[in-house]
1. Report the local net charge at B:Leu50: Lys and Arg +1, Asp and Glu -1, summed over other residues whose C-beta lies under 12 Å from its C-beta.
2. Which value in Å is the Kirkwood Rh of the stretch A:188-246 over different Cα pairs?
3. Which whole-number percent gives the relative contact order of the stretch A:7-175, counting Cα pairs below 8 Å spaced six or more residues apart?
4. Using a/c under 1.5 as the rounded threshold, could you call the stretch A:7-175 rounded, prolate or oblate? The axes a ≥ b ≥ c are square roots of the C-alpha gyration tensor eigenvalues, and prolate needs a/b larger than b/c, oblate otherwise.
5. If you stretched the chain out fully between A:Gln181 and A:Leu302, how much longer would it get, using 0.36 nm times the residue separation minus the C-alpha to C-alpha distance?
6. Taking the Cα atoms only, what angle lies between the long axis of helix B:17-37 and the longest principal axis of chain B, rounded to 10 degrees?
7. Rank the residues A:Thr270, A:Thr170, A:Thr94, A:Thr226 as a footprinting-exposure proxy: fewest other Cβ atoms within 10 Å of their Cβ go first.
8. Okay, helix-only estimate at 222 nm for the protein assembly as shown: each DSSP H run of n ≥ 4 adds -39500 (n - 2.57), divide by all residues, round to 500 deg cm²/dmol; what do you get?
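Quick note: the coordinates plus some simple rules give every number you see, no bench work behind them. These numbers come from a predicted model, not from an experiment. Glycine gets a Cβ as well: all are built from the backbone with ideal geometry, and neighbour counts include every protein chain shown.
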Amino acid sequence: MGQFIQPFLMFGLCVLGGAGVLLALPRGGRSPQILGALGAGLVLGLALLALGLTAGPDHPSVYFYIFSALGLGAALRVITHPRPVYAALYFVLTVIATGGLFLLLSAEFMAFSLIIVYAGAILITYLFVIMLATQAPEEDEVEALADYDTSAREPIAATVAGFLLLALLTSFFFRGINNVQPGALAPSPTLLAEMPLKIERALESHGLLKTGERVALDDSKHAIITDAGVKISGGASGDRVVAKSDWPNDLEVTNIERVGFNLLRDHPGTIEIAGVILLMAMLGAVVLSRKQVQIDDEAKRLQALKLGDSAGGGT
Amino acid sequence: MTLAQSGMPAAMGGATLGHYLLVSAILFCLGLIGFLTRRNLIIMFLCTELMFQAAGLALIAFGRFHMSFTGQTFVIFVLTVAAAEAAMALALVVLLFRRRESLDAEAWQDMKG
């Protein structure tokens with residue numbers, strides 16, 4: 001396997017992408033935003049094409065391209081769209097596309113919890129706050145965009161910083177990512193032995209368990225799995241072994257079961273810490289939002305003055 | 001189609017580890033640029049969520065590559081932190097908005113030392 005992608009190509013794409021994003025950033029209507037967005041999209045397409053050409057014999061599936069193009073395009077709109085509500089909705093699209101990528105990585109549980117937690121809960125909270133914190137337009141005026149939404153702060157410096165970071169991050173492609181060795185899957189029988197009920201159900205649904213028979217348990221309530229197969233006891237004909245070659249297909253440890261074992265057996269403290277963090281966040285949010293705020297009259301007057309000045313019609 | 005049945009580290013939707021890391025890096029940098037350029041407080045926090053997404057994607061891609069499930073466990077933790085951050089940050093934003101009637105981050109410029 002050769003270079004993942006040519007260095008000059010990669011850095012050139014970084015520069016072009018930076019120029020595209022720079023043009024796409026809102027600058028008070030003076031910037032050719034659509035042109036910039038199209039340019040950035042084009043560069044993204046070129047990058048993906050270059051990746052596809054260098055991928056070698058096993059091409060990435062078309063879903064990888066669809067999901068990553070959707071996710072990155074929507075992310076570009078999140079940072080360039082002048083209306084906050086639309087930015088939040090585009091972020092939902094990014095979340096869904098990332099969920100799709102998680103599915104491709106066969107992390108089903110994380111994909112769906114990402115969509116439920118992010119798109120379902122967090123983003124709705126964001127939308128609520130955006131609506132709370134936006135003044136409703138008067139009866140007969142067109143909805144005006146706030147000045148701070150239509151013009152970016154330091155667009156050139158920020159884009160240069162961002163794409164410099166990208167170039168640095170991607171330089172790992174040229175220094176030995178090909179030498180990283182993939183790991184092997186831990187053998188499933190050791191995990192399977194801890195789930196005798198699952199074994200029993202799977203065997204039963206495939207008619208491999210006669211009436212009265214149960215999976216034999218050892219002292220620690222684990223199923224007894226040897227190289228030959230799983231031990232069954234309690235039947236009329238005494239103990240026997242269901243050979244591994246007879247095992248039904250669904251007698252495999254699934255992804256979510258492995259995540260569950262990893263979470264609860266290998267990292268039990270994580271759940272506790274997560275619970276404490278969520279509790280603290282809830283208390284903090286309650287305390288903060290109960291606080292009575294005296295509107296800073298002086299600051300408000302100044303702000304109104306500034307707004308009047310920038311509109312050009314103030315006194 | 002479960003992971004255990006496929007049992008093949010190489011098959012990550014046909015793409016290699018590098019593909020996912022590249023997507024994740026681009027997503028992170030877009031989030032960073034958004035955080036630096038946008039002046040709306042809410043959008044700034046939205047951009048940090050973008051960076052969380054990128055981190056989660058890299059974690060899961062590495063976890064799949066090394067066949068370790070700790071990556072996925074850690075993403076659960078990232079989700080928790082993101083939820084906690086959203087709750088606190090949005091409560092703060094509402095408080096700040098009520099005080100200055102503006103979401104502009106530069107309305108609070110006088111706080112810099």
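1. Every neighbour counted, the sum reads +1.
2. Every distinct Cα pair counted, the radius reaches 11.4 Å.
3. About 28 percent, as a whole number.
4. Since a/c reaches 1.5 but b/c is at least a/b, the shape of the stretch A:7-175 is classed as oblate.
5. Taking 0.36 nm per residue and subtracting the Cα distance, the gain is 37.5 nm.
6. The helix B:17-37 is inclined about 0 degrees to chain B.
7. Going from sparsest to densest Cβ surroundings: A:Thr226, A:Thr270, A:Thr170, A:Thr94.
8. So the helix-based figure for the protein assembly as shown works out to -20000 deg cm²/dmol.
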